[in-house]
Amino acid sequence: MLNFVTKRILSMLLVVLGISFLIFSVMSLSPGDPAQIILGDGASQEDIAELREEMGLNDNLLVRFFRYIWNAIQGDLGNSYRTGQAVLVELLNRLPNTVLLAIFGVGAAAMIGVPIGIISAVKQYSIIDNVTMVLAMVMTSIPAFWLGLLLMLRFALGWGVVPAIGVDTWQGYILPSVTLAIGNMAVIIRMTRSTMLEVFREDYIRTARAKGASKRSVVLKHALRNALLPIITTIGINFGIQLGGAIVVETVFSIPGLGTLIITSVRQKDIPMVMGAILFVALMICLVTFLMDILYTFLDPRVKIKKRQKQMGVI
Amino acid sequence: MKISKEQTIDNQSIYKQQGQLASVWLRFRKNKLAVLGLLIFLIIVVLSITADLWLDYDKQAIEHNMGIRLQSPNSDHLFGTDQYGRDVFTRIIYGTRISLLISLLTIVLSLVIGGGIGAMAGYFGGRLDSLLMRIMDILLSIPAILLALTIVAALGNGILNLIIALTVSTIPRFAYIVRSTVLTIKDQEFIEAAKAYGTNNIQIIIKHIIPNIIGPTIVQATTNMANTILLISSLSYVGLGLPSSIPEWGAMISDAKENMRHFAYLVYIPGIAIVISVMAMNLIGDGLRDALDPKLRN
Amino acid sequence: MRKSLRLFTILLTAVLLFTFSACGSTESNEPEDSHTTKSSEDPKASEGKDSITIAYNAEPVSLASYEANNLTTHSVCSNLYDTLIREESDGELVPGLASEWTYSDDNTEIVFTLREGIKFHDGSEMTAEDVVFSMNTAIASSKTARMTGSFEKMEKVDDTHVKLYLKYPYGAVESCLSNDNCGIFSKAAYEKDPEGFTRNPVATGPYKIVSWTAGESVVMEAFADYWREPAAIKNLIFRIVPDASSGLVALETGQIDVLNLPNTTDFDYIESNSKLQLSTTAANSFYFVAFNCTDGLFAENKVLREVVANAIDPEAILLGALDGQGELVNCAIPVNVKFFPQEFDGYSYNPDYAKQLLKESGFEGQKIKIPCMDVGNDLAITEVVVEQLKAVGFDAEIDMMESTAFLADVYTNGLYDICVNSYTCFINDADGIMYMRYHSDYLGGGNNFVMYNNPEMDSLLDKARSSDNDDERALAYRDACTLMRDDYVLVPILCYLNALAADADLNGIKASDRQRIYVYDFSW
């Protein structure tokens, strides 16, 4: 088991390294000259050339990449072109807001989505089922910023029960989380529904029914317990999608998180910051996926570890 | 579910492929919602192709006409006009073109590249398989919007860069689809037989692999079209999307973001167009998935 | 059975959606009593009289005066620092930390008499050494080139006098000195922690820094020992709000008190809302269509430049791109900048004449690409320009470029024939927006990127810069604008508006042509 975990950790690190290289290479295609960006319009050509030398910008891609990784491992993700401050510090400042937002979003989506999915599965093809399916589809198609503004107008301006922007107080998380959740709930609802339906068809359910178990206990005790695992892993993977969706939601609600940081940095060509932020997000997604993987394997005794390893291509 | 005699015989006949397609279609047809989705999709395609015949692109969709700007839906302009006096109805119809084009291009490119990678990985197996699929994992780990932002950060806005971002995000999915199909088929006996008979690899691919991947591909394509539109909309909202002259629904919505409160129709109308298209796509996808699902054959 | 279910479902959903969102939008048309109670739980929101929250859509780069090089940073810093000469909100230059100053005969040396008893935020007293150190730091910094370009160095004369040496006589020097780039700060505080100074400056301004939470807010409080009356509002919070629509909602709920740059489409609504007030003024920036005057199609064919000048309809651009919220400008100096020539005869919109001229010129009709940066206003304006050029017969196309690519290709290397861009004047003096842009000394390299090379222009600009007579300078700038017009160097279009939306109870709210929000002037 430990061997398996170690192998998976290595795997994850390799993936993170790959992502870093991908992003680093794409960034290096950027036409702007970092030295010029840092010094601003007034700078002279000599100053710029000197800074380029100093920053090691004239070395080739691989050298620069490994230098970046080497520094990153030691905690130095470079300095922002815009402010000159350390990238890592800024990222750590912003991280909690985004993570909290993602967690609340996932939490809200799960708390509402899972029960709906279960009900939908139990009452398959009924009007409730149809309504939820249609609603789920509609929810995925609504642009988040539109939804956010509508919610803001009604709940913050109209009824005044929550703040319009920012997360100074915990209430500030309500609207953004709901906005985020609605966008991603559909996946959870559909996954829950289809997993439950699959489980319903299994033999042991028929056995339970034959043995006289009540419908409620069949659903909750037998079916749900077995469906829970894939549902949880979906929710976990959904966390990654939440992080992506958080970008727009953060902008709408003025939340100082990684999302707004990425947007500002992209606009201002602050390459080290963009690089660091995207890396952070990718790292978190990998981490969550990895944890879900371990969780799944750990909790599901039916799955043989060797089989998993083979599928992943580790051996 | 009643099994027709034709279906039973079909599965055993030498016209196996033709029978498979027909039976899939029959099952699909029974799903009313899926058929509705297909209908909507076909309407969209027809509108997009014939648009030039009954609408004037340059005059209504592109040209600025300040005198009639920001009119609510009325008899002259079914969906009103935007801040430059452009007819929203025309732009919606032409918007189908852009959405379809971008999605189609993305799908084709991803399929060819991703499929190629998946096929190689599945067929040759071993280390190549591990390496390729590891790279695919890497691409899968990055949410499309982040990848798009990276590319936009480096290369700027514009359709080409968006297509690159979307393609790169979709490649791994097709790689997995094709790879698993190849793996399933690879060891089956009739491949050995075909090889012994002298059929070369390409014919094997065409005959056996392609029919099996059509289904999952279309399912993936439908999800993709929906995501494309939403991605462009999100990027435009944060200022990193397409120029406003291009009538793309997502871009139209974020163009209207400043007018959202007072001219809400500018957001509703493209929004509803998106919802309808996405729903149609998803209905087709779901219907197809159900129709292809062997578990549902009974 | 399923058919009707499905139909019913979709209808039901549609009805639900419309009801929900319809509620959202109709209610916004009637400004209710929307000052709802939520501020009591929100420690950072203003509690009425003793604090003010101002929303910006970007963060300052740094709080060090010698690093400020964009509008947001300048604005935030202007509350923390004082300068030797101060610019009042109406543009007048008055004594600041210096009570008086005298010029040498050749105008290359200025001796300032410093006020006494001025305290820094940490309680220490300002000395001549601090002034000298601050100014020399600013001069040495590469980020202040716009302001300190003409300064040589500053020296201490005695405990109450300092002398500034200029590289050449410079008419706009007082304007430069009033910019927060020349802010005076504590030498000791800087030397104790040069790195941290950018986040914890110690200066003499009406507000001092309390905290800066990256990406969220900059918090300041009124300096009790300020050498003038302490500021009327005790707590000042600069808050970063990236989206102006959200910002307006927050303004209406009372979560913020001032919104910088609300959406132009919301202006009417803000003015009609009795709980809010709106102040606008033309920015010290203007948009134009520029030509490469040395290389390329438009350089070789002056008549084509004339065609373009007659093809542009600035009013339509203003309406389409900015909803009419801006001011037209017909010369190369923004309307609020000192020495803007009043009643100047610029170009007029003559599309028919342009069409005719184009035909007669025998222009072959090759495709012309118009590069612009891929940012909001630039894009919108260029799209209208392209339409107008197409209307007179050009085969014009927009070339949206990523901004650093634009800066590299168009600005620095001059690889273009025609483009759309904007200039900003950071000081209240025409020299700031004319000299480096049209003088042959600055050809290429990112300053005179229109590649205008005309000795007559050079001498006009030199005269305007070095003269100390305002009338003479005004005349020189007017002549310069006339010269540019006749040579068709660029086609000026408009100045956008800088706007402030604020709580109606605030006094002293006045939009600034450089987006400077000087909170000392405000009160409840």
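With θ set to phi - 60°, apply the Karplus curve 6.51 cos²θ - 1.76 cosθ + 1.60 along the stretch C:287-300 and write out the HN-Hα couplings as whole Hz, x wherever there is a Gly or Pro.
Result, rounded to whole Hz: 9, 8, 9, 10, 10, 7, 8, 10, 10, x, 3, 7, 6, 7.
For A:Gln124 and B:Ile113, what is the calculated FRET efficiency with R₀ set at 45 Å and r taken between the beta-carbons, to the nearest 0.05?
On the way: r = 39 Å, r/R0 = 0.86.
Working from the Cβ atoms, E equals 0.70.
How big is the stretch C:284-438 by Rg and Dmax over its Cα atoms, in Å?
Rg, Dmax (Cα atoms, Å): 15.3, 44.
Could you give each residue of the stretch A:48-56 its phi-based ³J(HN,Hα) in whole Hz, using Karplus coefficients 6.51, -1.76, 1.60 with θ = phi - 60°, and x for Gly or Pro?
5, 4, 5, 5, 4, 4, 4, 7, x
Taking the beta-carbon count within 10 Å as an exposure proxy, list B:Trp249, A:Trp159 from fewest neighbours to most. Don't skip to the answer; put the middle values down first.
Numbers: B:Trp249 24, A:Trp159 10.
Result, fewest neighbours first: A:Trp159, B:Trp249.
How much of the calculated P(r) for the stretch C:237-363 lies past 17 Å, in percent of all Cα pairs? Write down the numbers at each step before the final one.
On the way: 5602 of 8001 pairs.
Tail of P(r) above 17 Å: 70 percent of Cα pairs.
B:Asp187 versus A:Leu197, label points 7 Å from Cα toward the beta carbon: distance in nm?
Simple spin-label model gives 3.1 nm for this pair.
Listing A:Ser44, C:Ser274 from the residue with the fewest other Cβ atoms within 10 Å to the one with the most, what is the order? Before the final figure, lay out each step's value.
Details: A:Ser44 12, C:Ser274 8.
Ascending number of Cβ neighbours within 10 Å: C:Ser274, A:Ser44.
Using modelled backbone amide H atoms (1.01 Å from N, in-plane), which distant-in-sequence or interchain residues come within less than 5 Å of B:Asn157's amide H?
It is C:Glu402, by chain and number.
How many nm is it between the label spots at A:Asn3 and C:Tyr353, if each spot is 7 Å from the Cα in line with the beta carbon?
Spacing of the two 7 Å Cα→Cβ label points: 8.9 nm.
Remind me, what semi-axes does the stretch B:34-296 give for its equivalent ellipsoid, largest first in whole Å, using sqrt of 5 times each Cα gyration tensor eigenvalue? Provide the component values of the computation, followed by the final result.
Working: eigenvalues 341, 84, 41 Å².
Output for the stretch B:34-296: semi-axes of 41, 21, 14 Å.
If I build a Gaussian network model for chain A, linking alpha-carbon pairs within less than 10 angstrom, which residue out of A:Ile285, A:Ile182, A:Ile174 has the largest mean-square fluctuation?
A:Ile174
Ordered by residue, what ³J(HN,Hα) values in Hz, to whole numbers, does the stretch B:28-35 give under the Karplus form 6.51 cos²θ - 1.76 cosθ + 1.60, where θ = phi - 60° and Gly and Pro are x?
Once θ is set to phi - 60°, the couplings for the stretch B:28-35 become 4, 4, 6, 8, 4, 5, 5, 5 Hz.
For the stretch C:76-190, how big is the tail of P(r) above 16 Å, as a whole percent of Cα pairs? Provide the component values of the computation, followed by the final result.
Details: 3723 of 6555 pairs.
Percentage above 16 Å: 57.
Mind giving me the nanometre distance, one decimal, between the label points for C:Leu483 and C:Gln342, set 7 Å out from Cα along Cα→Cβ?
It works out to 2.5 nm between the two label points.
Identify which of A:Arg225, A:Arg94, A:Arg190 has the largest mean-square fluctuation in a Gaussian network model of chain A, with springs joining Cα atoms closer than 10 Å.
Most flexible of the set in this elastic network: A:Arg225.
Can you compute the radius of gyration and Dmax for the protein assembly as shown, using only the Cα atoms, both in Å?
When restricted to the Cα atoms of the protein assembly as shown, Rg and Dmax are 32.4, 111 Å.
Would you grab the residues whose amide H sits under 5 Å from the one on C:Ile418? Only those 5+ places off in sequence or on another chain, please, with H modelled 1.01 Å from N.
Under 5 Å from the amide H of C:Ile418 lie the amide H atoms of C:Asn292, each far enough along the sequence or on another chain.
Where in the stretch C:265-287 does the amide nitrogen come within less than 15 Å of the point 7 Å from the Cα of C:Leu328, taken along Cα to Cβ?
Counting only backbone N, you get C:287.
May I ask for log10 I(q)/I(0) of chain A at q = 0.13, 0.15 Å⁻¹, from a Debye sum over the Cα atoms as equal point scatterers with solvent left out?
-1.07, -1.23
Given Cβ point charges of +1 (Lys, Arg) and -1 (Asp, Glu) and nothing else, what value in debye, to the nearest 20, does the dipole of chain C about its Cα centre take?
Working: 40 positive and 82 negative charges, 268 e Å.
I would put it at about 1280 debye.
Between C:Thr294 and B:Leu160, take the C-beta separation as r, use R0 = 45 Å, and let me know the FRET efficiency to the nearest 0.05. Walk me through the numbers before you get to the answer.
Working: r = 31 Å, r/R0 = 0.69.
Computed FRET efficiency for C:Thr294 and B:Leu160: 0.90.
How well do other chains shield peptide A:264-277, expressed as the mean number of their Cβ atoms within 10 Å of each residue Cβ?
Values: counts 7, 2, 9, 10, 6, 8, 1, 3, 0, 1, 6, 2, 0, 2.
Counting Cβ atoms of other protein chains within 10 Å of each residue's Cβ and averaging gives 4.
Under 14 Å from a point 7 Å along the Cα-to-Cβ line of C:Ser124: which residues of the stretch C:166-192 have their amide N that close?
Under cut-off, by backbone N: C:185-192.
Calculate the FRET efficiency for A:Leu13 and A:Trp170 from the Cβ-Cβ distance with a Förster distance of 30 Å, rounded to the nearest 0.05. Spell out each step's value before the answer.
Details: r = 35 Å, r/R0 = 1.17.
That pair, A:Leu13 with A:Trp170, gives E of 0.30.
Take peptide C:380-386, look around each residue's Cβ out to 10 angstrom, count Cβ atoms belonging to other protein chains, and average those counts.
Values: counts 5, 0, 2, 6, 4, 0, 4.
Shielding by partners across C:380-386 averages 3.
Search the structure for amide H atoms under 5 Å from the amide H of C:Ile118, placed 1.01 Å from N in the peptide plane, and list their residues when 5 or more places away or on another chain.
Under 5 Å from the amide H of C:Ile118 lie the amide H atoms of C:Met126, each far enough along the sequence or on another chain.
Which order do the peptides C:251-263, B:23-35, C:282-294, A:196-208 come out in when sorted by mean C-beta neighbours inside 10 angstrom, highest first?
On the way: C:251-263: 26.1, B:23-35: 16.2, C:282-294: 23.8, A:196-208: 14.6.
Descending packing order for the listed peptides: C:251-263, C:282-294, B:23-35, A:196-208.
Could you let me know the centre-to-centre spacing of the stretch C:201-246 and the stretch C:482-524, using Cα atoms, in angstrom?
Value for the Cα centre distance between the two parts: 21 Å.
In terms of the ratio Rg/(2.2 N^0.38 Å) built on C-alpha atoms, what value belongs to the stretch B:68-189? Show your work: numbers first, answer last.
Working: Rg = 20.8 Å, N = 122, 2.2 N^0.38 = 13.7 Å.
Compactness ratio reported: 1.52.
Please state, to two decimals, what the Cα-based radius of gyration of chain C comes to when divided by 2.2 N^0.38 Å (N = residues). Could you put the intermediate results ahead of the total?
Details: Rg = 25.8 Å, N = 524, 2.2 N^0.38 = 23.8 Å.
The reported ratio for this selection is 1.09.
If a helix is a whole DSSP H run, which ones in chain C reach 24 Å or further along their own axis (Cα) and hold a mean Kyte-Doolittle hydropathy of at least 0.5? Walk me through the numbers on the way to the answer.
On the way: long enough: C:2-27 (38 Å, 0.92); C:470-487 (25 Å, -1.06).
Once both thresholds are applied, what remains is C:2-27.
What do you get for Rg/Rh of the stretch A:176-284 when both radii come from the Cα atoms and Rh is the Kirkwood radius? If you can, show how the numbers build up before the last one.
Values: Rg = 20.3 Å, Rh = 16.6 Å.
On the Cα set of the stretch A:176-284, Rg over Rh gives 1.23.
Bin all alpha-carbon pair distances of the stretch C:396-505 at 5 Å intervals from 0 and give each bin's fraction as a whole percent.
Result returned by the calculation: 2, 10, 18, 21, 18, 13, 8, 5, 3, 2, 0.
For a footprinting-style exposure proxy, rank B:His64, C:His161, C:His74 by other Cβ within 10 Å, fewest first. Before the final figure, lay out the partial values.
Numbers: B:His64 23, C:His161 17, C:His74 20.
Least crowded to most crowded, the residues run C:His161, C:His74, B:His64.
Only the coordinates and a few stated rules stand behind these numbers; no lab work does. Remember, predicted model here, so these are calculated numbers, not experimental data. Note that we place each Cβ from the backbone using ideal geometry, even for glycine, and neighbour counts take in every protein chain shown.
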